[in-house]
Amino acid sequence: MKRLGYACLLLILVPLAATATGTRINLQDYRALIRIESPQFSPDGRQIAFLTVHSDFVHDRYDATLRVMDAAGGSSRVLVQGMRELNSPRWSPDGRTLAFTAEVGKQKAQIYTVPAAGGTPEELGDAPHGVEQFSWSPDGNTIAYVTPDDSPLSAKDLRTRHDLFTIHDDDYLIDKPPVPSHIWLLAVTSGKARQLTFGSTSVLEAAPPFGGGVSAPAWSAGGQWIAYTQQANADDGDSDRTRIMAVNVATGAQHPITDKLSYEYTPRFAPRGDAIAYLYIHGPGAVSDMDLFVGTRNGGTAHDISADLDRNLLPDFAWLPDGSVVVMADDHIGSKLYVQQLNARGHALDLGDLNPLAVAASSQGALAVVADNATTTPELYLLRSVDSRPARLTDFNRSFAAHAYPRSVEVTWHAPDGQLDDGILTYPNDYVSGKKYPLVVWDHGGPEASSDEGFDTNEIGPLRDLFAADGYLVFEPNYRGSDNLGNAHMHAIYRDPGLGPDSDVISGIKMLEKQGLVDESRIAATGHSYGGYMTAWLISHQHFWRCAVVGDGAVDWTEEYELSAAGNLAWTRDSLGGTPWDKDSAALYRTGSPITYAGDITTPTLILSGTDDTTVPITESFALYHALASRHVPVEFIGIPGAHHSPQDPVHRELYYQVINEWVVKYLGS
């Protein structure tokens, strides 16, 4: 494909970050970053529990500390530290106790409790296969938790190797029969547990294809009912086949709350009454925004209360005491919180230049928000009401204020077919107006996601700052399919996985070139996941690239359909309009796959893949590697041991970004 001259519109908004004086940040500086997760108000709203997570490079793991602080401010105090995989703190309804999950010894995750005033954690119950999610009953006497069933293979079967099993919609690395997960009820006083849900259906435990997520059992205000996301089976490729169920705590009788059989996620009961909020697709089809629907425990008609918001809602949302709901969504190159009334249009909260990462609501209507931006590290903030401005409560990452950060702005343009796109343009640290600079293009994954101005919280991680320090412009386009500009922008990728997004990215580059910013002889294409797909597509259709990086990149839609998990069987089917074997979609599986055109690639390419990746199987990276190596195109293929779709440990994560940075610098120079 030729490089075409596109008519573009450039809008450079007020800079989101101005260059600060100080030392440029380097990759090792990020080792000190403290992440803040899982804020939770005490029942009276006076205290906030949360986790701080730091990188332990000695033991190559992330360690969490459970802390509590007054909502009015002040220092936090440590409740629990040193427990492996500490997660999901939850207050007891009387506010005296915090429960959480952790792993001790060789045990899988169990529920532990600790007095809110301080003390020694105690194990509560014993789930042999581990606890996946949990929640307190309103009276505090019971905890509902999710755990996998026993394997259908007996100890004798395993000992005698009579262990053959049936495979259905499962990933290519499956090595044992899939088992469903079910809800159990644990009596807090006695520690005895009884199973509540049964059968071949499962509580959702796999990543959905488009939006929504895994969630804990949701209790009704009176404690008689639990709502949960039921998957039709235990196969990890069928996380689209979901619906919201209401189960009676006393009898175990259950029923769906709507007549839908797919794409319902994340139920939460209202503080009073039987209303249930949950996420469901806006339409048309599955390639669309996730909207907030409200139904009732009894079933019947559910209403899309966020239809007018025109944003893809993320799984992190919370009921407010007045019956409205605070929701989170990507918006342009950031994220926002909105208050969504049940019968009125939602409106955004004023967070200034902060991007929310997590939110919790108190019984009095205050909000605890973890937030950051490109030059502001994540910290915990308090909004005393939805109309107030955020007040910072913590300062764990104060040392990062001493660094100099590059300037980033939002840019917008139109693709040749009129599609409006936006993205982030980051200038080199020592940018001089009128000078041309090498350009690194980073395409985000998803594609139902977006590049936003977070501080080391997106797939690009520290690379934005590292590339800017190397003297490069960094361009992060939110091509069609991204979730930040409304439903039409997201749906525009339907049956158009490559050509449309290609035109978005290329027209964005042309827009920057027309501004006289770009050294056109030094442009790199990089990206992860769907961004890896975009990189492979771009370098197979244009040949001006100096180098490329394909991280965990999908290059063959037939392999995605046949081998992957994380909902990608459903994603490929519903995005491409059918299966590889349907006559109306079979051709698109070939023409929409970069591997079809890999023989045209001439760009020096770095390929990275996790060896345990079931979202984008490493087999696709092997295919791309051999397509280039057999033709003597400069290529390097890096495997990340044990990684699933991105490094999950601090050492491999740092090495991953180091290898990418070094590859780009090798070809773009200084």
In this structure, is residue 630 more than 29 Å from residue 60 (Cα to Cα) and either surrounded by fewer than 19 Cβ atoms within 10 Å (Cβ to Cβ) or of a type in the set (Gly, Ala, Ser) (or both)?
yes
In region 623-670, what count of residues is obtained for those that are closer than 17 Å to residue 548 by Cβ and either of a type outside the set (Val, Ile, Thr) or in a helix (DSSP H, G or I) (or both)?
25
Collect the residues in region 105-122 that are surrounded by 12 or more Cβ atoms within 10 Å (Cβ to Cβ) and either within 30 Å of the chain's Cα centre (by Cα) or at pLDDT below 95 (or both), keeping them in residue-number order.
107, 108, 109, 110, 111, 112, 113, 114
What residue, among those in region 282-315 that are closer than 16 Å to residue 342 by Cα and of a type in the set (Gly, Ala, Ser), is surrounded by the most Cβ atoms within 10 Å (Cβ to Cβ)?
306
Taking only region 437-463 into account, find how many residues are assigned to a strand (DSSP E or B) and in contact with a helix residue (DSSP H, G or I) (Cβ under 8 Å, 6 or more places away or on another chain).
6
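Could you say whether any residue in region 475-492 is assigned to a strand (DSSP E or B) and touching a Pro at 6+ places or on another chain (Cβ under 9 Å)?
Within region 475-492, one or more residues are assigned to a strand (DSSP E or B) and touching a Pro at 6+ places or on another chain (Cβ under 9 Å).
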Any chance residue 641 is modelled with pLDDT of 95 or more, out of contact with any Phe, Trp or Tyr (no Cβ under 9 Å at 6 or more places or on another chain) and assigned by TED's automatic domain parsing to the domain that holds residue 459:
yes
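Considering each residue of region 405-436, count those that are buried (at least 22 other Cβ atoms within 10 Å of the Cβ) and assigned to a strand (DSSP E or B), and give that number. If you could, list the steps in order and put the result at the bottom.
Keep residues of region 405-436 that are buried (at least 22 other Cβ atoms within 10 Å of the Cβ), which gives 405-406, 408, 411, 413, 415, 421-426.
Okay, now just the ones that are also assigned to a strand (DSSP E or B), so 408, 411, 413, 421-426.
Number satisfying all stated conditions: 9.
Let's see how each residue does on (1) in contact with a strand residue (DSSP E or B) (Cβ under 7 Å, 6 or more places away or on another chain); (2) of a type in the set (S, T, N, Q); (3) buried (at least 23 other Cβ atoms within 10 Å of the Cβ); (4) on the phi < 0 side of the Ramachandran plot:
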position: 447; (1), (2), (3), (4): no, no, yes, yes
position: 451; (1), (2), (3), (4): yes, yes, yes, yes
position: 460; (1), (2), (3), (4): yes, no, yes, yes
position: 465; (1), (2), (3), (4): no, no, yes, yes
position: 481; (1), (2), (3), (4): no, no, yes, no
position: 486; (1), (2), (3), (4): no, no, no, no
position: 493; (1), (2), (3), (4): no, no, no, yes
position: 497; (1), (2), (3), (4): no, no, yes, yes
List every residue pair whose Cβ atoms lie under 8 Å apart, where the two residues are 6 or more positions apart in sequence or sit on different chains, the first residue falls within region 30-43 and is more than 11 Å from residue 67 (Cα to Cα), and the second residue, located anywhere, is acidic (Asp, Glu).
30/456; 30/654; 31/654; 33/456; 43/94
Residue count for region 52-74, restricted to those that are under 16 Å from residue 39 (Cβ atoms) and either touching a Pro at 6+ places or on another chain (Cβ under 7 Å) or free of Cβ contacts under 8 Å to residues at least 24 places away in the same chain (or both)
5
Among the numbered criteria (1) within 23 Å of residue 599 (Cβ to Cβ); (2) not assigned by TED's automatic domain parsing to the domain that holds residue 424, which single criterion is violated by residue 533?
(2)
Selection count where residues are surrounded by 12 or more Cβ atoms within 10 Å (Cβ to Cβ) and over 21 Å from residue 266 (Cα atoms), scope region 143-166:
9
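This table checks each residue for (1) at negative phi; (2) surrounded by fewer than 23 Cβ atoms within 10 Å (Cβ to Cβ).
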position: 187; (1), (2): yes, yes
position: 212; (1), (2): no, no
position: 224; (1), (2): yes, yes
position: 234; (1), (2): yes, yes
position: 237; (1), (2): yes, no
position: 240; (1), (2): yes, no
position: 246; (1), (2): yes, no
position: 256; (1), (2): yes, yes
position: 280; (1), (2): yes, no
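Listed here are the residues, each with its yes/no results for (1) assigned to a loop (DSSP other than H, G, I, E, B); (2) among the polar types (S, T, N, Q); (3) loosely packed, with under 14 Cβ neighbours inside 10 Å; (4) modelled with pLDDT of 90 or more.
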position: 14; (1), (2), (3), (4): yes, no, yes, no
position: 21; (1), (2), (3), (4): yes, yes, yes, no
position: 31; (1), (2), (3), (4): no, no, yes, yes
position: 38; (1), (2), (3), (4): no, yes, no, yes
position: 44; (1), (2), (3), (4): yes, no, yes, yes
position: 48; (1), (2), (3), (4): no, no, no, yes
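The values are calculated or read from the model by the stated rules, or taken from the named source; none is laboratory data. This structure is a prediction, so every number in the text was calculated from the model and none was measured. Positions of Cβ are generated from backbone atoms using ideal geometry, with glycine treated the same way; all protein chains shown enter the neighbour counts.
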